[in-house]
1. For region 209-223, which positions are under 13 Å from residue 92 (Cβ atoms) and touching a helix residue (DSSP H, G or I) at 6+ places or on another chain (Cβ under 8 Å)?
2. Does residue 416 count as at pLDDT below 90 and closer than 30 Å to residue 484 by Cβ?
3. Go through (1) modelled with pLDDT of 95 or more; (2) part of a loop (DSSP other than H, G, I, E, B) one by one and return the number of the condition residue 467 breaks.
4. For region 442-456, which positions are in contact (Cβ under 8 Å) with a residue 40 or more places away in the chain, part of a helix (DSSP H, G or I) and buried (at least 18 other Cβ atoms within 10 Å of the Cβ)?
5. Mind checking which pairs have a first residue in region 337-363 that is in contact (Cβ under 8 Å) with a residue 24 or more places away in the chain and a second that is buried (at least 24 other Cβ atoms within 10 Å of the Cβ) and not in a helix (DSSP H, G or I), Cβ under 8 Å, 6 or more apart or different chains?
6. Among 204, 242, which is the only one that is more than 29 Å from residue 157 (Cβ to Cβ) and over 17 Å from the mean Cα position of the chain (by Cα)?
7. Looking only at region 169-228, count every residue that is surrounded by fewer than 21 Cβ atoms within 10 Å (Cβ to Cβ), on the phi < 0 side of the Ramachandran plot and in a loop (DSSP other than H, G, I, E, B) and tell me the total.
8. Can you name every residue in region 155-180 that is closer than 14 Å to residue 206 by Cβ and in contact (Cβ under 8 Å) with a residue 60 or more places away in the chain?
């Protein structure tokens, strides 16, 4: 069986792996920085051009059919990245599997558009769902192109695909909004972004799939993918069931407010967690048989990710009111408290995220599925309890559920994967305490001396940086974590 590898890096070799990971991380984070600027700019522009109801209508469709995006992937992208060897024939078969699944799901969504509209009692959703159905085919075709780029550590080309699709999609969406197309601007943005992302990934991969092949061993990919997909479905349901409940009970406007708050939460999570996984997964997969190097890379990667995201969320929570009012507009003020509650949940989500790396890199899809059944059912139960108090209650329930599963995740991976669970937990705890103090200082300072949204930021920004500096000064363990982040590239190269 021929193996797709680089001549300079034969199978099983870890020579230069740290340098490649460091270079890949730099390219990925640069690309994600550009992508975050584009996405945040899009949120600001479209939030001022569109209403909460427009976003609510789009969220009604995506909350229900978004699960098809997970089914479309079927866990096969991670299966391809995680595999120790991958022949060209296997890669061809994976491409056609993902494309076929995407086509079938697109046809199902197109045919079921009327049922979606009937569920929400909103006839406008028929056309929205039918147009959105084409994105499943496009994403299905793109799955293995992206997996190939990730497996080959071509993170710069992956970043080009992400940024290009997001940028041109945003331009198309803004043009549609300026033309007065309302919620159709959001639909157009998604479709254009999917088309561009596919084209750029295909060109960057420099690979065209051959015909499907018989007699090629595929069972390991399908087994891994099925278990992973089931776990991801549970995760998706736990994240989005609240939006379905809000849309069904209270309508598009309330859902629009919750959806914008939730998307503001997910933007830094997706822009940092997803590319961090893109870099970490192939490297950790190659270090499976070297426990000490595996643990060192895992903890350093977690430290970088946790400190960046928790710092962002701490500031966003402390200054949520001026940020939302100034950037999105006064019509979104009702989303402030919802967003603050969700950011607390987001902090617990990110400190537990490294457990996901352990499950994937070690091929523990079955163990991940069992963990997800327990963890996600717990979150869903908390959401349904909170739903009795409307959108804010859903946010509270979701955040409480995430807080409860954080210690559970570290215990689970330390048992099934021999991961350094206690060290992972302590990494997260230090970040929560340190940045929690910074956020409290910033919020109190802005509340005391800021009398307008602009003044709240003028006071709150230096306050949080001052608190951060003092914590670094008096807390050696926190200071070491920050040093690790500042020197992560050099550390990775030295480990090589």
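The values are calculated or read from the model by the stated rules, or taken from the named source; none is laboratory data. Predicted model only: the values in this text are computed from it and were never measured. Here the Cβ is made from the backbone with ideal geometry for all residues, glycine too, and neighbour counts use every protein chain on show.
1. Residues satisfying the conditions are 209, 210, 211, 212, 213, 216, 218, 221.
2. Working: at pLDDT below 90: yes; closer than 30 Å to residue 484 by Cβ: yes.
Answer is yes for this residue.
3. (2)
4. Within region 442-456, 442, 443, 446, 453, 456 qualify.
5. Short answer, once both residue conditions are applied: 355/419; 358/419.
6. Working: 204 fails: more than 29 Å from residue 157 (Cβ to Cβ).
Criteria check complete, one pass: 242.
7. Result for region 169-228: 13.
8. Of the residues in region 155-180, the ones closer than 14 Å to residue 206 by Cβ are 156-158, 160-161.
Answer for region 155-180, where residues must be closer than 14 Å to residue 206 by Cβ and in contact (Cβ under 8 Å) with a residue 60 or more places away in the chain: 156, 158, 160.
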